[in-house]
Protein chains: 2
Amino acid sequence: MSGVQSVERAFAVLRCLSGGAAGVTDVADRVSLPKSTVSRLLSTLEDLGMVEQIEPGGNYRVGSGMTEIAAAVLPGRSLIEAVRPHLHDLAKATGEAAGLSIADGFDVLYLDQVDSDNQVQTRDWTGERVPAHTVSSGQVLLAFDAIDSEEYLAQPLERLASHTLTDATAIRTRFAEIVAKGYAWAFEEFLDGLSSVAAPIRDSSNRVVGAIHAHGPAYRFPGDLDADEVGRMVAATAGRVRI
Amino acid sequence: MSGVQSVERAFAVLRCLSGGAAGVTDVADRVSLPKSTVSRLLSTLEDLGMVEQIEPGGNYRVGSGMTEIAAAVLPGRSLIEAVRPHLHDLAKATGEAAGLSIADGFDVLYLDQVDSDNQVQTRDWTGERVPAHTVSSGQVLLAFDAIDSEEYLAQPLERLASHTLTDATAIRTRFAEIVAKGYAWAFEEFLDGLSSVAAPIRDSSNRVVGAIHAHGPAYRFPGDLDADEVGRMVAATAGRVRI
DNA sequence: GTACTCGATTCCGTACTGCGGAACGAGTCC
DNA sequence: GGACTCGTTCCGCAGTACGGAATCGAGTAC
């Protein structure tokens, strides 16, 4: 590597701890460094608040200093705050649950969900990660480059439901359509019996930072509604989001 | 400093960027280091995904690598995930909105909210911070030591609504009662016309990590319901949470 | 169109920072 | 009581990180 070795090592240690608390010897084994090196790095990270020792002479874990810095980019809190009223609007307009998600590697991570007034509900996916190609939000994030689509399509794609698209060429064609229309529909591609429609959310630099979607049981969503009209509604709601 | 200089400098740069995107010269000025040093550190941080350059040759900002590591300690996601079904139960049982919050310094931070089926709704406080003494969740967090109550009561207390308690002695008496009963009611103490009841959520070490509450307009909540019975219901729901 | 300014990047000689093996202390186990 | 493990500390040394200087590119002013 051509970077600053100590900084690279410090982050190797931090990444190790992000998987769970561990001791010096344990971390040293996992990052293939001598214990004294790891101990010195941990001591520095502890002084900076980036790690904390759970008890003297024992295990270390990631500290609040990391969250303080990460808060600058955390899409979670402020994004959820900004978007939630729009999810309420969307749930009311469609009569189905509405949700917010962001890219998380090659997955879509569900950050928030507002339920509809409907008595028959789908489950709440907040906190879940799903492969991007299987849901409308993921397709939106791929089509609008919030997830690198070529890199994504280079891997084998998993079929999760009866209508999951797994052919890269067909998916690319679909992406062009999604970009043109400004929204994506997924009909029983993630789960049999579930449909969803999503549109991208942009920040003040016009960068796509997430997607909102509405989802419901396939038998009633979109049901009698015109799919394109619903899609435009979701895109319009997404367009009203200000971050 | 006795730590690893390069690591200390790298985090000085990161802290600088957590206040907003900046260029090499700007960061160098703020952290009092030569531009070549800052440039090299930024290059390493960029390789690690901890910062990203907004455009080539331009400003840097904190990258998603930080959030990946910080996710290990964020109380938000997994807690929200674990608690949300219980909020649904609580909203259904009380007919009012239910929410989840944690301590954030001397404030209560609302992490999640599930609305009721009621046509007349209160607003959604997700993402908001409020002074602990003014809401039932905060009183619970103070009474059960998730917030240091003596430290808290040493400061002047703000009156936000007509019934906000601001006398430290009266508040201490109330804490004893909250501990004994296992829940707290707040009647128009945060906002006139709003009542809420909260109970503590504990982790597997029996430590209080947050609170759940139900809240509604004072004219109908608790309304005809017995306040103590509702309180016990909230405490029971909180007791069913497993983290 | 040219000159100037400014910011980011690259280069390179050097010194001092970070390294890692060894030793030590504390705790645990048999 | 001895063996083992883990975290911490020490210290001689080598090579990594440093920072000043130079370079390059973009933007602006005249």
Taking a cut-off of 23 Å, what percent of all Cα-Cα pairs in chain B are separated by more than that?
57 percent
Where a label projected 7 Å from the Cα of residue B:59 along Cα→Cβ would reach, residues of the stretch B:16-52 with amide N under 19 Å
B:16-31, B:39, B:42-43, B:46, B:50-52
Here, GluC sites (Glu not before Pro) of the stretch B:145-175 satisfying both criteria (DSSP loop; at most 16 other Cβ within 10 Å) are B:158
Can you pick out the pairs among B:92/B:181; A:92/A:181; A:181/B:92 whose Cα atoms lie more than 29 Å from each other?
A:181/B:92
Tell me whether the stretch A:1-131 comes out rounded, prolate or oblate; compute the Cα gyration tensor, take square roots of the eigenvalues as a ≥ b ≥ c, and use a/c under 1.5 as the rounded threshold.
prolate
Exam field: residue B:25 pseudo-label spacings to other copies (7 Å along Cα-Cβ), nanometres:
5.3
Along Cα-to-Cβ, 7 Å out, sits the label point; list in nm, shortest first, how far the one on residue A:177 is from those in the other copies.
6.3
Arranged by the count of other C-beta atoms within 10 angstrom, fewest first, what order do B:111, B:45 take?
B:111, B:45
Shielding of A:100-107 by partners, i.e. mean partner chain Cβ atoms within 10 Å per residue?
1
Counting only other chains, what is the mean number of Cβ atoms within 10 angstrom of the Cβ of each residue in peptide A:59-69?
5
Here the stretch B:36-48 yields Karplus 3J(HN,Hα) values (6.51, -1.76, 1.60; θ = phi - 60°; whole Hz; Gly and Pro given as x) of 5, 5, 5, 4, 5, 4, 5, 4, 5, 4, 5, 4, 7
Could you tell me the relative contact order of chain B? Use alpha-carbon pairs under 8 Å, at least six residues apart, and round to a whole percent.
15 percent
In whole Hz, the Karplus estimates of ³J(HN,Hα) for the stretch B:126-131 (6.51, -1.76, 1.60; θ = phi - 60°; x where Gly or Pro) are 3, x, 7, 10, 9, x
Where the label is 7 Å out from Cα toward Cβ, how close does residue A:162 come to the same position in every other copy, in nm, shortest first?
5.9
I want to verify the translational diffusion coefficient of the protein assembly as shown in µm²/s; compute it with Stokes-Einstein, Rh as the Kirkwood radius over Cα pairs, at 37 °C and 0.692 mPa s.
134 µm²/s
Among trypsin sites (Lys or Arg not before Pro) in the stretch B:176-230, those in a DSSP loop whose Cβ has at most 13 other Cβ atoms within 10 Å are B:207
Sticking with the crude label model, points 7 Å out along Cα→Cβ, report the distance from residue B:29 to residue A:172 in nm, one decimal please.
4.7 nm
Which Rg and Dmax, in Å, describe the Cα atoms of the stretch A:5-70?
10.5, 29
Residues with amide H under 5 Å of residue A:51's amide H, sequence separation 5 or more or different chain, H placed in the peptide plane at 1.01 Å from N; which?
A:46, A:63
Convert each backbone phi in the stretch B:224-238 into a coupling constant with the Karplus relation 6.51 cos²θ - 1.76 cosθ + 1.60 (shift: θ = phi - 60°), then list the ³J(HN,Hα) values in order as whole Hz, x for Gly and Pro.
7, 6, 6, 4, 5, 5, 4, x, 5, 4, 5, 4, 5, 4, 4
Quick one: compute the contact order of the stretch A:5-70, relative version, from alpha carbon pairs under 8 angstrom and 6+ residues apart, as a percent.
32 percent
Using the charge dipole of chain B (Lys, Arg: +1 at Cβ; Asp, Glu: -1 at Cβ; taken about the Cα centre), state which of B:80, B:162, B:236 has its Cα farthest towards the positive end.
B:80
Taking amide H atoms as placed 1.01 Å from N in the peptide plane, list the residues 5 or more away in sequence, or in a different chain, whose amide H sits under 5 Å from that of residue A:104.
A:109
Using a Gaussian network model on chain A with a 10 Å cutoff between Cα atoms, which of A:155, A:139, A:113 fluctuates the most?
A:155
Placing one equal point scatterer on each C-alpha of the stretch A:159-243 and summing with Debye, one gets log10 I(q)/I(0) at q = 0.14, 0.20 Å⁻¹ equal to -0.51, -0.98
FRET efficiency for residue A:225 and residue B:123, Cβ-Cβ distance as r, R0 = 41 Å, nearest 0.05?
0.90
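Computed from the coordinates by the stated procedures, all read-outs in this text should not be read as laboratory data. Everything numeric here is computed off the predicted structure, so don't read it as measured data. As a convention, Cβ positions derive from the backbone with ideal geometry for all residues, glycine included, and neighbour counts pool all protein chains shown.
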